[in-house]
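Accompanying notes for the structure given below.
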Amino acid sequence: MESFTPTTDAVGSSVALSALLALVPLLVFFLLLAFAETRAYIAGAWALLAALVIAVAGFGMPAGLAVLSATQGAAFGLFPVVWIIVMAVWLYQVTVRSGRFEDLRRVFDRVGGGDLRVQAILVAFCFGGLLEALAGFGAPVAITVTMLLALGIAPVRAATAVLVANTAPVAFGALAIPITTAANLTSYTGDEIGAVVGRQTPLLAFVVPVILLFILDGRRGVRECWPVALFTGVVFSVFQFLCSNYFSYELTDIVASLVAMAAAVGFLRYWHPRGGEPAAERMRGELAAAKASGWTAAGSGEAEVGSAVTDTAEDELTPSRAWMALFPYALVIVVFGIVNLWTLGINIPEALAKTTIEIPWPWLHDALLDADGERLSSTVYHFEWLISPGTLLLISGLIVAAVYSRFDDRGRYPLSMGTAVREIWATARRMTAAALTILAVLALAYVMNNSGQTVSIGTWLAGTGAFFAFLSPVLGWIGTAVTGSDTSANALFARLQETAGAAAGLDPKLLIAANTGGGVMGKLISPQNLAIAAAAVNMSGQESILLRKVFDWSVALLLALCVIVFLQSTPVLGWMLP
């Protein structure tokens with residue numbers, strides 16, 4: 001097959017014209033999704049078609065290579081992305097089918113001071129941050145949104161809150177793999193880049209819990225609960241800064257999330273929010289209205305979702321029952337922690353990494369070359385069958401099912417292994433629309449990346465000189481919006497940011513870190529993340545509703561970061577940099 005080397009000025013030998021044409025698939029997707037209210041997988045299919053046509057007719061990519069790029073993207077979308085989502089929702093279903101989620105709600109009622117809004121912050125922000133630190137790739141969104149539903153929060157509010165909460169930890173997510181990726185592609189170490197990221201994203205992360213209050217209960221929620229929300233956010237941000245600069249950038253989100261959770265619980269021992277009962281009534285009333293309009297939760301046990309917990313003597317939350325309710329999520333933390341961190345005696349991460357099967361994508365790997373005539377590493381598909389977060393969630397779920405079937409608390413929680421395993425297929429079947437969306441979006445991303453469309457957009461923006469300090473986060477935002485991954489955004493643009501920074505007389509570390517931070521905001525509007533959240537709340541096909549809810553937050557946070565980065569490139573805030 002004819003070889004191909006992507007270029008950034010394929011259209012009329014102009015970077016600007018090439019970039020403007022490359023924006024068309026993204027515009028097609030977001031316009032169809034946001035304004036035409038087309039189903040996400042249909043919008044994704046049209047955007048993919050546009051990208052294929054532009055790749056071939058505009059960027060000169062052989063049609064066969066363009067189609068092969070799409071197939072590799074779809075394969076990555078199926079595994080690990082769809083695999084992770086299905087397993088995350090299935091793990092939740094195991095807890096619902098066993099009846100343990102009622103006890104979990106009682107646990108959060110105790111630690112959250114009896115206030116549903118505070119409970120939601122602890123789940124979405126603190127627990128979600130911990131899951132992002134360990135797993136990433138959509139698992140935190142899929143897990144925490146189902147938890148918010150079970151607590152009694154309406155589907156759109158739950159999904160919106162979780163998507164916004166997921167911004168705070170993304171830069172250091174999955175053991176800071178976005179930063180490690182940037183370090184591998186540039187001349188700086190992960191410690192150097194992580195230290196700068198730790199002086200940018202915490203300046204916005206501290207306000208995220210307050211934003212969550214507004215999303216959950218409007219201005220009233222902010223007035224009544226802002227002290228604990230702000231305190232939690234500040235503690236998280238302070239420890240993000242301290243850990244990324246003085247301890248270990250890989251462990252930043254683990255430390256920040258755990259300390260923020262403990263600090264919030266301790267704060268609630270001395271301060272209690274007002275208006276908890278009326279707020280719970282309003283929020284559960286909204287959930288009841290959603291059910292009345294025909295909405296049901298994504299799985300079994302819908303009748304129990306969001307219902308008030310009424311304790312009888314038989315329902316008393318004993319320590320053993322509290323532990324059993326928390327067991328699935330404690331197990332997830334332990335399993336992911338061992339797989340990613342255990343190096344005593346045997347280096348488990350290193351040993352498990354050897355199980356990954358590397359598959360050079362047929363024909364594409366030999367035909368897609370860089371400017372030096374070398375094969376591109378992006379054309380190698382990594383089949384992480386054992387260390388994928390989805391597989392680890394499957395292992396965790398099977399252990400949970402085995403424990404629940406063995407210890408059933410006087411027969412009150414009947415769950416057999418057979419029932420748990422059958423639920424996997426039922427969960428996968430319910431998520432067909434979400435899976436199609438993700439396959440289309442990842443196919444789109446790979447076509448745009450391999451044909452040169454994505455890099456042409458970045459190169460065009462990088463030509464703005466000193467003002468590029470303001471625009472540099474936008475590259476990360478676009479990269480993550482397209483691919484659904486801050487890691488992928490850094491893989492695309494980290495080297496470009498370094499080169500552009502040096503040419504413009506700007507600190508390259510600042511711009512590489514800004515790319516990472518911008519990707520955090522892009523995660524909010526990523527079609528992949530929208531599809532995950534929509535599937536988890538059984539709203540597949542209605543991703544446009546969520547996009548309209550989160551788009552303004554994404555842009556507002558992005559603009560704030562752009563201003564911070566620009567000021568850090570000047571003497572005004574330049575003193576903040578290491």
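The values are calculated or read from the model by the stated rules, or taken from the named source; none is laboratory data. Predicted model, so just to flag it, every value in this text is computed and none were measured. Note that each Cβ is placed from the backbone with ideal geometry, even for glycine, and that neighbours are counted across all protein chains shown.
Overview of values
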| item | result |
| --- | --- |
| Looking only at the stretch 450-471, and only at residues there that are at pLDDT below 85 and among the polar types (S, T, N, Q), the one that is surrounded by the fewest Cβ atoms within 10 Å (Cβ to Cβ) | Thr464 |
| Top-ranked residue in the stretch 104-159 [being at pLDDT below 80 and among the basic types (Lys, Arg); ranked as surrounded by the fewest Cβ atoms within 10 Å (Cβ to Cβ)] | Arg110 |
| Tally of residues being buried (at least 18 other Cβ atoms within 10 Å of the Cβ) and either over 26 Å from Leu461 (Cα atoms) or of a type in the set (Ser, Thr, Tyr) (or both) across the stretch 23-42 | 4 |
| Any helices (runs of 4 or more DSSP H) falling wholly within the stretch 1-73 and containing at least 3 residues that are out of contact with any Phe, Trp or Tyr (no Cβ under 7 Å at 6 or more places or on another chain) and more than 22 Å from Leu436 (Cα to Cα) | 15-22 |
| Yes/no for Gly173 being on the phi > 0 side of the Ramachandran plot and either surrounded by 24 or more Cβ atoms within 10 Å (Cβ to Cβ) or outside any helix (DSSP H, G or I) (or both) | no |
| Test: residue in the stretch 91-103 that is assigned to a helix (DSSP H, G or I), more than 29 Å from Gly276 (Cβ to Cβ) and either touching a strand residue (DSSP E or B) at 6+ places or on another chain (Cβ under 6 Å) or modelled with pLDDT of 85 or more (or both) | yes |
| Test: residue in the stretch 183-192 that is surrounded by 23 or more Cβ atoms within 10 Å (Cβ to Cβ) and of a type in the set (A, V, I, L, M) | no |
| Those helices (runs of 4 or more DSSP H) lying entirely in the stretch 342-449 with at least 3 residues at pLDDT below 90 and in contact with a helix residue (DSSP H, G or I) (Cβ under 9 Å, 6 or more places away or on another chain) | 389-406, 417-430 |
| Verdict on Ala514 being assigned to a helix (DSSP H, G or I), closer than 15 Å to Ala168 by Cα and touching a residue at least 12 places away in the same chain (Cβ under 8 Å) | yes |
| Filter result for Leu558 (modelled with pLDDT of 90 or more and at negative phi) | yes |
| Scope the stretch 343-358; condition within 22 Å of Tyr381 (Cβ to Cβ) and not β-branched (Val, Ile, Thr); matching residues | Pro349, Glu350, Ala351, Leu352, Ala353, Lys354, Glu358 |
| Members of the stretch 17-40 found to be touching a residue at least 12 places away in the same chain (Cβ under 8 Å) and touching an Asp or Glu at 6+ places or on another chain (Cβ under 9 Å), listed by number | Ser18, Leu33, Arg39, Ala40 |
| Matching option when the condition is crowded, with 17+ Cβ neighbours inside 10 Å and at pLDDT below 90, among Glu281, Glu250, Glu302 | Glu250 |
